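To keep things clear, I will list the structure first and then write my remarks on it.
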Amino acid sequence: MVDPNSNGLTSEEAGSRLEKSGPNAMPDTTLHPLRRAFAKFWAPVPWMLEAAIVLELALGKYVESVIIFGLLAFNAVLGFLQEGRAQATLAALKSRLALNASVKRDNTWKTIPATELVVGDMIKLSLGAVVAADVDIIDGSVLLDQSMLTGESVPIEAGSGFKTYAGALVRRGEAVALVTATGVHTKFGRTAELVRTAHVVSSQQKAVLRVVRNLAIFNGCVIILLVAYSYVLKMPIGEIIPLVLTAVLASIPVALPATFTLAAALGARALAKLDVLPTRLSAVDEAASIDVLCSDKTGTLTLNELMVTAVRTMPGFDEAHILGLAALASSDGGQDPVDAAIRAAAAKKAVSELPKLIKFIPFDPGTKMSEATASDSSGTTVRAVKGAFASVVALTQPSPDASKMENELQAQGFRVLAVAFGPPTAMKLAGIIALSDPPRPDSAALITQLHALGVSTVMVTGDAPITAGIVAHAVGLNGKVCPPGPIPADVRPGEYAVFAGILPDGKFNLVKAFQKTGHIVGMCGDGANDAPALRQAQMGIAVSSATDVAKSAAGIVLTKPGLVGVVASVKEGRITFQRILTYTMYSIIKKISQVFFLAAGLVMTGHAILTPMLMVILMITGDFLSMSLTTDNVRPSPLPNVWRIGQLTIAGVIIGVCDLLFCISIFAFGKFHLSLGIDALRTLAMVALVFGGEASLYAIRERRRIWSSIPSLWVIVSSVGDVLIITILATYGIAMSALSLFVVGETLLAAVVFAFILDCVKVPVFNRLGIA
């Protein structure tokens with residue numbers, strides 16, 4: 001044990017240690033904005049667009065290359081604006097650390113920046129101070145609030161030999177402590193490192209990558225066959241290169257990433273109206289898929305404030321008098337939550353006959369009591385004592401009934417205090433007060449609603465197993481409590497309902513363990529101790545009372561008390577998912593039908609039936625106008641959504657083949673019945689692709705029959721705009737050969753009929769593949 005009266009480190013020794021160990025701070029790992037911006041151009045979809053730009057420039061098609069670059073930049077800017085959340089989390093963590101510390105060096109107490117502390121320094125902990133490093137207390141006693149790291153809702157008494165951590169708050173008292181760890185080596189520092197390294201690829205990102213990969217492989221094979229067939233036809237190289245470029249452009253789901261972002265942004269705006277603030281757009285998408293919610297106890301399922309739960313009276317005393325006497329022996333206006341809870345309860349049951357306070361003695365960790373000296377109505381001096389049951393009972397006559405009451409209340413997870421009153425030499429036990437952090441009124445209903453939505457809830461807390469188990473039962477979590485010790489690597493949500501005594505790295509590891517078994521995890525919390533798990537989870541949720549650290553780590557912040565926002569997030573996420581699902585399927589359908597239509601046109605005419613410019617027009621009208629699907633009227637699914645890219649691709653191929661047959665039929669009608677030339681046929685191909693695409697869109701936007709729901713206004717407006725644009729371009733011969741309005745009208749009428757035929761194909765396909 002270090003002598004608290006020692007001289008402390010010398011300045012030379014402290015300087016030497018600081019040079020070796022580094023400052024008592026977390027390193028700055030902020031990415032430069034230019035690096036983050038560059039990363040937006042380094043992904044599968046940007047690569048394909050960049051390749052198309054290079055080909056366009058090589059062909060001297062500068063207008064087309066500028067347009068494609070504009071599409072590329074649009075996607076990049078949207079993605080760039082949604083990044084940087086991890087750095088905000090680290091900044092919030094740093095802001096929690098003490099700025100200065102009182103340290104003893106060269107036998108003199110001095111105030112220095114907390115960043116200059118080193119292992120072996122002797123520091124003073126005072127009321128209201130934030131502990132600046134991990135320390136061992138060597139003298140004195142303090143009341144410490146460690147909730148930000150441990151999740152414990154009740155501050156704890158800490159005396160000589162007690163170890164506490166950087167970031168703890170001193171609520172009462174004064175002590176001298178020895179620094180045992182600084183900077184990244186503290187528990188706070190390790191929490192920050194977990195936040196920095198926490199990363200999970202969102203299911204949205206995986207879906208985009210798999211869709212792009214499947215389309216690239218599928219259409220890449222078709223493009224190779226196109227080139228081979230062109231070579232067999234002995235087409236000149238000047239025609240083959242534009243053909244390949246057109247096929248490449250036809251393969252790129254150019255607006256897919258932007259549509260994911262836009263749909264999530266619209267979902268975020270809807271959630272903001274429900275007092276839910278998404279801070280990371282991917283969390284809106286993930287809300288649709290979560291099937292496990294890991295919920296912190298303190299401040300999440302509970303109110304995070306001590307309240308008097310029960311009062312047990314002894315003969316001669318009633319509940320109001322016991323609370324009044326306990327209030328006499330409680331500090332007024334201090335930071336002790338126990339005293340605040342007792343005074344609040346006493347105020348609701350005022351008693352006019354209480355003794356008048358003469359002297360108050362604050363809580364003494366040595367005696368584990370606080371007391372008041374007062375005078376009763378006759379002027380007699382009396383004493384009121386409040387504190388630990390064993391300490392208070394020792395001042396009175398033993399009572400078996402009181403001991404039984406205390407054991408029963410302790411077994412229920414309550415914090416139990418005893419109150420004694422009477423003349424200093426003849427005190428009597430007045431009663432017992434039980435305190436707890438009660439569940440929020442809506443917690444049980446929330447868990448029931450989540451269960452109905454297919455989301456399992458488990459409690460993850462730093463509190464003791466007994467307390468956690470009692471709260472879990474109160475809110476409807478009736479499963480087993482996980483035994484103390486390391487969390488099993490292969491643990492599954494259904495095995496346990498409660499994980500207690502868990503520190504930040506344990507919560508973080510639990511989230512990862514659930515993710516490894518294929519679950520999409522939501523993590524709900526309020527403290528810095530939850531930050532790593534909030535960052536790692538696909539959907540991190542910070543409640544309204546959360547610290548800035550938790551809020552910046554989370555993807556969703558509830559701006560009002562209560563957890564109804566979690567249910568709202570899940571429902572809105574599922575609406576967003578359905579909109580994105582429709583657009584993704586539409587992209588697969590169009591990219592497959594367009595590339596195969598190019599191949600069919602080449603076989604039928606011996607020429608490329610679309611030029612790069614026509615394909616760019618198709619990308620703008622088809623891909624970007626159909627982004628209006630992000631506003632469509634959809635119904636959320638009753639169970640968690642999962643990206644089944646295999647089934648989605650199969651459905652896309654089947655409907656894409658139907659769309660292809662429609663386009664080939666229209667094209668064949670123009671070639672063999674109307675005897676149109678190649679330029680007019682190219683215009684007809686454009687019209688068929690656009691009108692066929694609109695027919696496909698209206699068929700697949702509704703999982704049931706095409707008439708089961710009304711499209712949103714923006715979907716209707718964009719469809720009308722798409723039809724009008726291509727009609728004007730085709731009939732007036734803008735950027736293409738002119739086509740008669742009669743032919744365009746006939747094609748539009750055929751597309752309407754095709755939509756209802758396609759609807760008959762879609763319903764059994766969707767049912768068979770489980771697309772709902």
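Things to note:
- The number of residues in the stretch 120-140 that are modelled with pLDDT under 85 and farther than 17 Å from Lys104 by Cβ comes to 3.
- Screening the stretch 537-551 for residues that are open to solvent by less than 10 Å² (accessible area, probe 1.4 Å) and assigned to a helix (DSSP H, G or I) and picking the one that is nearest to Thr457 (Cα to Cα) gives Ala550.
Residue-by-condition table, conditions (1) farther than 16 Å from Gly299 by Cβ; (2) among the aliphatic types (A, V, I, L, M); (3) open to solvent by 50 Å² or more (accessible area, probe 1.4 Å); (4) more than 17 Å from the chain's Cα centre (by Cα):
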{"position": "Val475", "(1), (2), (3), (4)": "no, yes, no, yes"}
{"position": "Tyr496", "(1), (2), (3), (4)": "yes, no, no, yes"}
{"position": "Ala554", "(1), (2), (3), (4)": "no, yes, no, no"}
{"position": "Pro561", "(1), (2), (3), (4)": "no, no, yes, yes"}
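- Residue ID - modelled with the highest pLDDT, chosen from residues in the stretch 711-740 that are hydroxyl-bearing (Ser, Thr, Tyr) and within 19 Å of Met615 (Cβ to Cβ): Thr727
- For the stretch 761-772, the set of residues classified as closer than 20 Å to Leu661 by Cα, surrounded by 12 or more Cβ atoms within 10 Å (Cβ to Cβ) and not aliphatic (A, V, I, L, M) consists of Lys762, Phe766, listed by residue number.
- Taking the stretch 233-325 and the strands (runs of 3 or more DSSP E) fully enclosed by it, the elements with 2 or more residues that are open to solvent by 10 Å² or more (accessible area, probe 1.4 Å) are at 276-278, 307-313.
- Against the list (1) under 25 Å from Gln578 (Cβ atoms); (2) open to solvent by 10 Å² or more (accessible area, probe 1.4 Å), the condition Asp679 fails is (1).
- Pick from the stretch 623-653, criterion surrounded by fewer than 20 Cβ atoms within 10 Å (Cβ to Cβ) and among the polar types (S, T, N, Q), ranking: nearest to Val211 (Cα to Cα): Gln647
- Flag for Leu357 being within 29 Å of Glu174 (Cα to Cα), open to solvent by 10 Å² or more (accessible area, probe 1.4 Å) and free of Cβ contacts under 8 Å to residues at least 60 places away in the same chain: yes
- Residues of the stretch 723-740 that are in a helix (DSSP H, G or I) and crowded, with 21+ Cβ neighbours inside 10 Å: Ile726, Leu729, Ala730.
- Output for the stretch 505-532, where each listed residue is over 15 Å from the mean Cα position of the chain (by Cα) and either on the phi < 0 side of the Ramachandran plot or not in a loop (DSSP other than H, G, I, E, B) (or both): Asp505, Gly506, Asn509, Leu510, Ala513, Phe514, Lys516, Thr517, Asn529
The values are calculated or read from the model by the stated rules, or taken from the named source; none is laboratory data. What you see is a predicted model; the values in this text were computed from it and never measured. In this analysis, Cβ positions are derived from the backbone assuming ideal geometry, glycine residues included, and neighbour counts consider all displayed protein chains. Heads up: the accessible areas ignore ligands, DNA and RNA and are worked out on the full protein's heavy atoms, side chains in. Shrake-Rupley method; radii C 1.70, N 1.55, O 1.52, S 1.80 Å.
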